[in-house]
Amino acid sequence: MIRLQSQLPDDYSRASKEDLARRVTVAKEALAERLVILGHHYQRHDVIAFADARGDSFGLSRFAADQKEAEYVVFCGVHFMAESADILTATWQKVILPDLNAGCSMADMADLEDVEQIWEELARVTDIERVVPITYMNSAASLKAFVGRNGGAVCTSSNARSVLTWALGLDRPAGTCAKGDKVLFFPDQHLGRNTGYELGFASADMRVVNPRLTLGGLEEPDVKEATLLLWKGHCSVHQRFSTAHVEAFRRANPDGIVIVHPECAHEVVEMADAVGSTDFIIKAVREAPVGSTIAIGTEINLVERLALEQAPGQKIVSLEPIVCPCSTMSRIDLPHLAWVLDGLVEGTVRNQITVDTVTAADARLALERMLEIL
Ligand code: 13P
Ligand code: SF4
(Lines give C-alpha, C1' and ligand atoms only; values in the text may rest on other atoms or scores of the structure.)
(Ligands and ions follow the chains in the order given, each with its own letter.)
Protein backbone atom coordinates (compact mmCIF):
# COMPACT_ATOMS: atom_id res chain seq x y z
CA MET A 1 0.00 0.00 0.00
CA ILE A 2 1.30 3.50 -0.78
CA ARG A 3 1.70 5.32 2.50
CA LEU A 4 0.10 8.70 2.08
CA GLN A 5 -0.25 9.51 5.75
CA SER A 6 2.72 10.89 7.62
CA GLN A 7 3.30 9.68 11.17
CA LEU A 8 1.35 11.50 13.86
CA PRO A 9 3.23 13.62 16.39
CA ASP A 10 3.98 11.64 19.60
CA ASP A 11 1.64 13.91 21.44
CA TYR A 12 -1.23 12.12 19.64
CA SER A 13 0.13 8.62 19.09
CA ARG A 14 1.08 8.24 22.77
CA ALA A 15 -1.87 10.03 24.36
CA SER A 16 -4.34 8.05 26.45
CA LYS A 17 -7.80 7.28 25.13
CA GLU A 18 -9.34 9.54 27.79
CA ASP A 19 -7.08 12.44 26.87
CA LEU A 20 -7.86 12.03 23.16
CA ALA A 21 -11.60 11.81 23.82
CA ARG A 22 -11.37 14.99 25.90
CA ARG A 23 -9.49 16.79 23.10
CA VAL A 24 -12.06 15.73 20.52
CA THR A 25 -14.89 16.93 22.77
CA VAL A 26 -13.19 20.31 23.35
CA ALA A 27 -12.49 20.76 19.62
CA LYS A 28 -16.09 19.85 18.70
CA GLU A 29 -17.40 22.43 21.13
CA ALA A 30 -15.01 25.09 19.83
CA LEU A 31 -15.91 24.46 16.18
CA ALA A 32 -19.64 24.10 16.95
CA GLU A 33 -21.82 24.36 13.82
CA ARG A 34 -18.76 24.97 11.60
CA LEU A 35 -18.08 21.23 11.91
CA VAL A 36 -19.97 18.07 11.11
CA ILE A 37 -18.51 14.60 11.70
CA LEU A 38 -19.84 11.72 9.60
CA GLY A 39 -19.27 8.11 10.64
CA HIS A 40 -19.72 5.00 8.54
CA HIS A 41 -21.25 2.03 10.35
CA TYR A 42 -17.94 0.15 10.13
CA GLN A 43 -16.07 2.67 12.24
CA ARG A 44 -14.52 1.81 15.57
CA HIS A 45 -16.74 2.39 18.59
CA ASP A 46 -14.62 5.16 20.13
CA VAL A 47 -14.72 7.11 16.85
CA ILE A 48 -18.38 6.59 15.96
CA ALA A 49 -19.25 7.93 19.42
CA PHE A 50 -18.30 11.40 18.11
CA ALA A 51 -20.20 11.21 14.82
CA ASP A 52 -23.02 13.72 14.26
CA ALA A 53 -24.47 11.32 11.70
CA ARG A 54 -23.95 7.58 11.27
CA GLY A 55 -24.96 5.78 8.14
CA ASP A 56 -24.31 3.57 5.18
CA SER A 57 -22.49 5.02 2.21
CA PHE A 58 -25.76 6.11 0.54
CA GLY A 59 -27.20 7.74 3.67
CA LEU A 60 -23.96 9.57 4.37
CA SER A 61 -23.66 10.85 0.80
CA ARG A 62 -27.20 12.24 1.07
CA PHE A 63 -26.40 13.74 4.47
CA ALA A 64 -23.24 15.37 3.06
CA ALA A 65 -25.22 16.80 0.13
CA ASP A 66 -27.68 18.37 2.61
CA GLN A 67 -25.01 20.16 4.66
CA LYS A 68 -25.51 23.84 3.95
CA GLU A 69 -23.90 25.34 7.07
CA ALA A 70 -20.83 23.32 8.04
CA GLU A 71 -17.50 24.61 6.79
CA TYR A 72 -15.75 21.34 7.71
CA VAL A 73 -17.06 17.86 7.00
CA VAL A 74 -14.82 15.34 8.77
CA PHE A 75 -15.51 11.97 7.18
CA CYS A 76 -14.79 8.97 9.37
CA GLY A 77 -15.07 6.48 6.55
CA VAL A 78 -12.81 5.67 3.63
CA HIS A 79 -11.33 7.70 0.78
CA PHE A 80 -14.08 7.14 -1.84
CA MET A 81 -16.72 8.28 0.66
CA ALA A 82 -14.82 11.50 1.39
CA GLU A 83 -14.40 12.13 -2.35
CA SER A 84 -18.15 11.72 -2.88
CA ALA A 85 -18.83 14.12 -0.03
CA ASP A 86 -16.47 16.66 -1.60
CA ILE A 87 -18.28 16.32 -4.94
CA LEU A 88 -21.70 16.80 -3.33
CA THR A 89 -20.83 19.71 -1.04
CA ALA A 90 -20.24 23.35 -2.02
CA THR A 91 -16.76 24.54 -3.01
CA TRP A 92 -16.36 26.59 0.21
CA GLN A 93 -16.88 23.45 2.30
CA LYS A 94 -13.86 21.34 3.16
CA VAL A 95 -14.01 17.56 3.45
CA ILE A 96 -11.40 15.94 5.66
CA LEU A 97 -10.34 12.30 5.96
CA PRO A 98 -8.53 11.84 9.30
CA ASP A 99 -6.09 9.22 7.90
CA LEU A 100 -5.17 9.38 4.22
CA ASN A 101 -4.37 5.66 4.23
CA ALA A 102 -8.03 4.83 4.81
CA GLY A 103 -8.70 3.54 1.30
CA CYS A 104 -10.79 0.60 0.07
CA SER A 105 -9.11 -2.45 -1.47
CA MET A 106 -12.19 -3.13 -3.59
CA ALA A 107 -12.26 0.42 -4.98
CA ASP A 108 -8.60 -0.05 -5.95
CA MET A 109 -9.53 -3.06 -8.11
CA ALA A 110 -10.79 -0.79 -10.90
CA ASP A 111 -8.91 2.22 -12.21
CA LEU A 112 -9.76 4.65 -14.99
CA GLU A 113 -7.16 3.34 -17.41
CA ASP A 114 -8.45 -0.25 -17.18
CA VAL A 115 -12.09 0.77 -17.44
CA GLU A 116 -11.40 2.95 -20.50
CA GLN A 117 -9.45 0.11 -22.11
CA ILE A 118 -12.29 -2.39 -21.60
CA TRP A 119 -14.83 0.20 -22.77
CA GLU A 120 -12.90 0.69 -26.03
CA GLU A 121 -12.64 -3.06 -26.54
CA LEU A 122 -16.36 -3.50 -25.93
CA ALA A 123 -17.07 -0.73 -28.44
CA ARG A 124 -15.38 -2.85 -31.14
CA VAL A 125 -17.82 -5.73 -30.68
CA THR A 126 -21.08 -4.16 -29.48
CA ASP A 127 -23.07 -0.93 -29.79
CA ILE A 128 -21.45 0.95 -26.91
CA GLU A 129 -24.27 3.52 -26.91
CA ARG A 130 -26.49 0.73 -25.55
CA VAL A 131 -24.10 -0.15 -22.71
CA VAL A 132 -24.77 1.73 -19.46
CA PRO A 133 -21.78 2.01 -17.11
CA ILE A 134 -22.72 1.66 -13.45
CA THR A 135 -20.16 2.15 -10.74
CA TYR A 136 -20.58 1.10 -7.14
CA MET A 137 -20.09 3.96 -4.71
CA ASN A 138 -16.91 2.13 -3.68
CA SER A 139 -14.86 3.57 -6.54
CA ALA A 140 -12.56 6.50 -7.24
CA ALA A 141 -14.00 9.86 -8.31
CA SER A 142 -12.35 9.40 -11.73
CA LEU A 143 -14.56 6.35 -12.32
CA LYS A 144 -17.68 8.15 -11.19
CA ALA A 145 -16.73 10.86 -13.67
CA PHE A 146 -16.31 8.28 -16.45
CA VAL A 147 -19.78 6.96 -15.66
CA GLY A 148 -21.23 10.48 -15.58
CA ARG A 149 -19.71 11.29 -19.02
CA ASN A 150 -21.07 8.07 -20.49
CA GLY A 151 -24.68 8.34 -19.37
CA GLY A 152 -24.47 6.01 -16.36
CA ALA A 153 -25.00 6.33 -12.63
CA VAL A 154 -23.47 5.48 -9.29
CA CYS A 155 -25.16 2.91 -7.08
CA THR A 156 -24.74 1.79 -3.49
CA SER A 157 -25.63 -1.47 -1.82
CA SER A 158 -28.97 0.02 -0.78
CA ASN A 159 -30.10 1.12 -4.23
CA ALA A 160 -28.33 -1.17 -6.74
CA ARG A 161 -31.65 -2.77 -7.66
CA SER A 162 -33.28 0.57 -8.51
CA VAL A 163 -30.24 1.75 -10.44
CA LEU A 164 -30.05 -1.43 -12.57
CA THR A 165 -33.82 -1.23 -13.12
CA TRP A 166 -33.34 2.35 -14.36
CA ALA A 167 -30.35 1.45 -16.57
CA LEU A 168 -32.09 -1.46 -18.28
CA GLY A 169 -35.56 0.12 -18.29
CA LEU A 170 -36.99 -2.89 -16.45
CA ASP A 171 -39.92 -0.88 -15.12
CA ARG A 172 -40.84 0.67 -18.45
CA PRO A 173 -43.97 -0.32 -20.35
CA ALA A 174 -43.16 -2.86 -23.11
CA GLY A 175 -42.18 -1.25 -26.38
CA THR A 176 -40.72 1.93 -24.84
CA CYS A 177 -37.03 2.56 -25.19
CA ALA A 178 -34.77 1.69 -22.25
CA LYS A 179 -31.58 3.55 -21.47
CA GLY A 180 -29.52 0.54 -22.50
CA ASP A 181 -29.49 -3.18 -23.22
CA LYS A 182 -26.39 -3.98 -21.19
CA VAL A 183 -24.65 -2.77 -18.08
CA LEU A 184 -20.93 -2.67 -17.39
CA PHE A 185 -20.90 -2.90 -13.59
CA PHE A 186 -17.75 -2.17 -11.55
CA PRO A 187 -15.85 -2.79 -9.36
CA ASP A 188 -17.79 -5.37 -7.26
CA GLN A 189 -18.84 -8.46 -9.19
CA HIS A 190 -20.77 -9.78 -6.16
CA LEU A 191 -23.07 -6.80 -5.73
CA GLY A 192 -23.70 -6.84 -9.49
CA ARG A 193 -24.39 -10.58 -9.57
CA ASN A 194 -26.58 -10.62 -6.45
CA THR A 195 -28.63 -7.73 -7.77
CA GLY A 196 -28.89 -9.35 -11.19
CA TYR A 197 -30.32 -12.55 -9.68
CA GLU A 198 -32.67 -10.49 -7.52
CA LEU A 199 -34.00 -8.86 -10.71
CA GLY A 200 -34.64 -12.24 -12.31
CA PHE A 201 -31.55 -12.58 -14.51
CA ALA A 202 -29.88 -15.99 -14.87
CA SER A 203 -26.19 -16.83 -14.81
CA ALA A 204 -26.32 -17.06 -18.64
CA ASP A 205 -27.15 -13.32 -18.68
CA MET A 206 -23.97 -12.44 -16.79
CA ARG A 207 -20.26 -12.56 -17.64
CA VAL A 208 -17.25 -11.66 -15.54
CA VAL A 209 -14.91 -9.11 -17.10
CA ASN A 210 -11.29 -9.67 -16.14
CA PRO A 211 -9.47 -6.37 -16.68
CA ARG A 212 -6.14 -8.18 -16.99
CA LEU A 213 -7.27 -9.90 -20.23
CA THR A 214 -8.18 -8.58 -23.67
CA LEU A 215 -11.94 -7.97 -23.91
CA GLY A 216 -12.05 -8.99 -20.26
CA GLY A 217 -11.26 -12.59 -21.25
CA LEU A 218 -14.54 -12.82 -23.18
CA GLU A 219 -15.35 -13.78 -26.76
CA GLU A 220 -17.52 -11.55 -28.94
CA PRO A 221 -20.62 -13.83 -28.59
CA ASP A 222 -20.24 -13.65 -24.77
CA VAL A 223 -20.49 -9.89 -24.90
CA LYS A 224 -23.46 -10.04 -27.28
CA GLU A 225 -25.33 -12.54 -25.11
CA ALA A 226 -24.68 -10.90 -21.75
CA THR A 227 -26.87 -8.28 -20.12
CA LEU A 228 -24.64 -7.80 -17.09
CA LEU A 229 -20.91 -7.45 -17.56
CA LEU A 230 -19.44 -7.76 -14.08
CA TRP A 231 -16.00 -6.42 -13.27
CA LYS A 232 -13.76 -8.94 -11.53
CA GLY A 233 -13.50 -7.10 -8.21
CA HIS A 234 -14.45 -8.07 -4.67
CA CYS A 235 -14.30 -7.02 -1.04
CA SER A 236 -11.72 -8.99 0.89
CA VAL A 237 -13.76 -8.65 4.10
CA HIS A 238 -17.07 -9.93 2.67
CA GLN A 239 -15.53 -12.58 0.46
CA ARG A 240 -14.44 -14.44 3.61
CA PHE A 241 -18.01 -15.48 4.50
CA SER A 242 -18.73 -18.93 3.11
CA THR A 243 -21.56 -21.43 2.84
CA ALA A 244 -19.70 -23.54 5.44
CA HIS A 245 -20.15 -20.67 7.93
CA VAL A 246 -23.90 -20.58 7.24
CA GLU A 247 -24.16 -24.38 7.58
CA ALA A 248 -22.23 -24.38 10.87
CA PHE A 249 -24.40 -21.59 12.30
CA ARG A 250 -27.61 -23.33 11.25
CA ARG A 251 -26.47 -26.63 12.74
CA ALA A 252 -25.87 -24.91 16.08
CA ASN A 253 -28.94 -22.65 15.80
CA PRO A 254 -31.69 -24.35 13.75
CA ASP A 255 -34.02 -21.35 14.26
CA GLY A 256 -31.29 -18.77 13.85
CA ILE A 257 -31.46 -15.92 11.34
CA VAL A 258 -28.67 -15.15 8.87
CA ILE A 259 -28.32 -11.59 7.52
CA VAL A 260 -25.55 -10.70 5.08
CA HIS A 261 -24.25 -7.79 3.03
CA PRO A 262 -24.64 -8.06 -0.79
CA GLU A 263 -20.86 -7.91 -1.23
CA CYS A 264 -20.86 -11.56 -0.08
CA ALA A 265 -20.64 -14.33 -2.69
CA HIS A 266 -23.93 -15.40 -4.26
CA GLU A 267 -23.92 -18.91 -2.71
CA VAL A 268 -23.85 -17.25 0.74
CA VAL A 269 -26.53 -14.69 -0.17
CA GLU A 270 -28.74 -17.51 -1.47
CA MET A 271 -28.60 -19.29 1.90
CA ALA A 272 -29.19 -16.14 3.96
CA ASP A 273 -32.57 -15.10 5.35
CA ALA A 274 -32.00 -11.46 4.48
CA VAL A 275 -29.49 -9.43 2.49
CA GLY A 276 -28.88 -5.70 2.39
CA SER A 277 -26.74 -2.66 3.06
CA THR A 278 -25.36 -1.82 6.47
CA ASP A 279 -28.41 0.35 7.20
CA PHE A 280 -30.68 -2.51 6.14
CA ILE A 281 -28.83 -4.92 8.44
CA ILE A 282 -29.34 -2.59 11.42
CA LYS A 283 -33.08 -2.29 10.69
CA ALA A 284 -33.44 -6.04 10.15
CA VAL A 285 -31.85 -6.74 13.54
CA ARG A 286 -34.14 -4.22 15.24
CA GLU A 287 -37.18 -5.83 13.63
CA ALA A 288 -36.15 -9.43 14.35
CA PRO A 289 -38.43 -11.38 16.72
CA VAL A 290 -37.66 -11.22 20.44
CA GLY A 291 -35.39 -14.07 21.50
CA SER A 292 -33.82 -14.60 18.07
CA THR A 293 -30.21 -15.56 17.48
CA ILE A 294 -28.81 -13.69 14.50
CA ALA A 295 -25.59 -14.30 12.57
CA ILE A 296 -24.39 -11.32 10.57
CA GLY A 297 -22.10 -11.41 7.57
CA THR A 298 -20.49 -8.01 7.48
CA GLU A 299 -17.64 -5.99 8.99
CA ILE A 300 -16.97 -6.78 12.63
CA ASN A 301 -17.22 -3.29 14.16
CA LEU A 302 -20.85 -3.09 13.11
CA VAL A 303 -21.58 -6.65 14.29
CA GLU A 304 -19.98 -5.95 17.67
CA ARG A 305 -21.94 -2.72 18.07
CA LEU A 306 -25.19 -4.51 17.24
CA ALA A 307 -24.27 -7.18 19.80
CA LEU A 308 -23.67 -4.48 22.43
CA GLU A 309 -26.99 -2.79 21.66
CA GLN A 310 -28.97 -6.02 21.26
CA ALA A 311 -32.48 -6.19 22.64
CA PRO A 312 -32.99 -8.33 25.75
CA GLY A 313 -33.12 -12.00 24.79
CA GLN A 314 -31.52 -11.39 21.38
CA LYS A 315 -28.15 -12.89 20.53
CA ILE A 316 -26.00 -11.44 17.79
CA VAL A 317 -22.86 -13.11 16.46
CA SER A 318 -20.56 -12.77 13.50
CA LEU A 319 -21.28 -15.33 10.77
CA GLU A 320 -17.54 -15.99 10.64
CA PRO A 321 -16.01 -16.94 13.99
CA ILE A 322 -12.50 -15.73 13.02
CA VAL A 323 -13.48 -12.22 12.15
CA CYS A 324 -11.61 -9.79 9.98
CA PRO A 325 -12.12 -6.05 10.31
CA CYS A 326 -11.93 -3.69 7.34
CA SER A 327 -8.28 -2.81 7.89
CA THR A 328 -8.46 0.42 5.92
CA MET A 329 -11.59 1.69 7.67
CA SER A 330 -9.92 0.90 11.01
CA ARG A 331 -7.13 3.33 10.23
CA ILE A 332 -9.42 6.13 11.34
CA ASP A 333 -8.84 6.21 15.07
CA LEU A 334 -9.06 8.69 17.94
CA PRO A 335 -5.45 9.98 17.57
CA HIS A 336 -6.09 10.89 13.90
CA LEU A 337 -9.49 12.38 14.65
CA ALA A 338 -8.07 14.51 17.49
CA TRP A 339 -5.15 15.57 15.27
CA VAL A 340 -7.34 16.87 12.40
CA LEU A 341 -9.80 18.56 14.78
CA ASP A 342 -7.05 20.31 16.77
CA GLY A 343 -5.68 21.51 13.43
CA LEU A 344 -9.05 23.02 12.52
CA VAL A 345 -9.30 24.81 15.87
CA GLU A 346 -5.84 26.30 15.20
CA GLY A 347 -6.86 27.24 11.63
CA THR A 348 -4.85 24.47 9.90
CA VAL A 349 -6.75 22.21 7.53
CA ARG A 350 -5.13 18.78 7.48
CA ASN A 351 -5.96 15.91 5.12
CA GLN A 352 -8.43 17.79 2.95
CA ILE A 353 -9.85 15.61 0.15
CA THR A 354 -10.40 17.55 -3.05
CA VAL A 355 -11.64 16.34 -6.38
CA ASP A 356 -10.62 18.58 -9.31
CA THR A 357 -13.47 20.61 -10.79
CA VAL A 358 -13.65 18.81 -14.17
CA THR A 359 -13.74 15.34 -12.56
CA ALA A 360 -16.16 16.60 -9.91
CA ALA A 361 -18.59 17.99 -12.50
CA ASP A 362 -18.82 14.67 -14.39
CA ALA A 363 -18.89 12.59 -11.20
CA ARG A 364 -21.66 14.82 -9.80
CA LEU A 365 -23.80 13.90 -12.83
CA ALA A 366 -23.45 10.22 -11.95
CA LEU A 367 -24.12 10.81 -8.24
CA GLU A 368 -27.08 13.09 -8.90
CA ARG A 369 -28.59 10.57 -11.28
CA MET A 370 -28.39 8.06 -8.44
CA LEU A 371 -29.98 10.48 -5.98
CA GLU A 372 -32.81 11.17 -8.49
CA ILE A 373 -33.50 7.49 -9.14
CA LEU A 374 -34.76 7.03 -5.59
P1 13P B 1 -22.76 0.24 2.66
O2 13P B 1 -23.09 0.91 1.37
O3 13P B 1 -23.73 -0.82 3.00
O4 13P B 1 -22.57 1.26 3.72
O5 13P B 1 -21.39 -0.53 2.48
C6 13P B 1 -20.22 0.16 2.20
C7 13P B 1 -19.10 -0.76 2.21
O8 13P B 1 -17.98 -0.37 2.02
C9 13P B 1 -19.38 -2.16 2.41
O10 13P B 1 -18.22 -2.87 2.41
FE1 SF4 C 1 -13.91 -1.55 0.96
FE2 SF4 C 1 -14.61 -3.98 1.84
FE3 SF4 C 1 -13.68 -2.15 3.55
FE4 SF4 C 1 -16.11 -1.89 2.45
S5 SF4 C 1 -15.43 -3.48 3.86
S6 SF4 C 1 -14.58 -0.28 2.68
S7 SF4 C 1 -15.73 -2.71 0.39
S8 SF4 C 1 -12.55 -3.09 1.82
Can you pull the accessible area of residue 283 for me, 1.4 Å probe, Å² to the nearest 10?
110
So which residue, out of 265, 140, 178, gets the largest mean-square fluctuation from a GNM of the chain using Cα contacts under 10 Å as springs?
178
Cα-Cα pairs above 18 Å in the range 87-174: how many percent?
56
Obtain the radius of gyration and the Kirkwood radius of the range 163-311 from its C-alpha atoms and give Rg over Rh.
1.04
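Is the shape of the range 83-128 rounded, prolate or oblate, going by the alpha carbon gyration tensor and its root eigenvalues a ≥ b ≥ c, with a/c under 1.5 for rounded and a/b larger than b/c for prolate?
Oblate, since a/c reaches 1.5 and b/c is not below a/b.
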Write down the percent of antiparallel bridges among all DSSP beta bridges whose residues are both part of the chain, to the nearest 5.
5
Past the 24 Å Cα-Cα mark, which pairs from 179/224; 28/144; 28/283; 182/232; 94/232?
28/144; 28/283; 94/232
Check which residues have an amide H placed less than 5 Å from residue 316's amide H, if you skip close sequence neighbours.
294
Here the relative contact order (percent) of the range 122-205, from C-alpha pairs under 8 Å and at least 6 apart, is 32
Grab the DSSP H runs of the chain that are 4 residues or longer, score each as -39,500 (n - 2.57), total them, divide by all residues and round the 222 nm result to the nearest 500 deg cm²/dmol.
-12000 deg cm²/dmol
Considering all alpha-carbon pairs of the range 13-54, what whole percent are spaced by more than 15 angstrom?
45
Using all alpha carbons of the range 191-269, what is the percent of pairwise distances in each 5 Å bin, ordered from the shortest bin to the longest?
3, 14, 20, 18, 17, 12, 7, 4, 3, 1
Using the Karplus curve 6.51 cos²θ - 1.76 cosθ + 1.60 with θ = phi - 60°, work out ³J(HN,Hα) for each residue of the range 366-374 in order, rounded to whole Hz, and write x for Gly and Pro.
5, 6, 5, 4, 4, 5, 6, 5, 8
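How big is D for the range 86-235, in µm² s⁻¹ as a whole number, if Stokes-Einstein is applied with the Kirkwood radius of its Cα pairs at 37 °C and 0.692 mPa s?
207
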If you build a Gaussian network model of the chain, linking Cα atoms that sit under 10 Å apart, which residue out of 299, 121, 83 swings the most?
121
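Please compute the per residue accessible area over the chain with all protein chains in place, 1.4 Å probe, rounded to a whole number of Å².
43
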Heavy-atom accessible area of the chain with neighbours in place, 1.4 angstrom probe: carbon+sulfur share in percent works out to 50
When a/c is below 1.5 the answer is rounded, else prolate if a/b is larger than b/c, else oblate, so apply that to the range 145-230 with a ≥ b ≥ c taken from the square roots of the Cα gyration tensor eigenvalues.
rounded
The range 243-304: mean projected area of Cα convex hull, nm²
4.0
Determine the relative contact order of the range 256-374: mean sequence separation of Cα pairs under 8 Å and six or more apart, normalised by residue count, in whole percent.
18
Unit-weight point scatterers at every alpha-carbon of the chain, Debye formula, q = 0.09, 0.15 1/Å: log10 I(q)/I(0) is -0.53, -1.33
Running a GNM on the chain with Cα contacts under 10 Å, which residue among 211, 312, 262 ends up with the highest mean-square fluctuation?
312
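The values are calculated or read from the model by the stated rules, or taken from the named source; none is laboratory data. Keep in mind that this is a model prediction, so the values were computed, not measured. These accessible areas exclude ligands, DNA and RNA; they are computed on the full protein's heavy atoms, side chains included. Shrake-Rupley method; radii C 1.70, N 1.55, O 1.52, S 1.80 Å.
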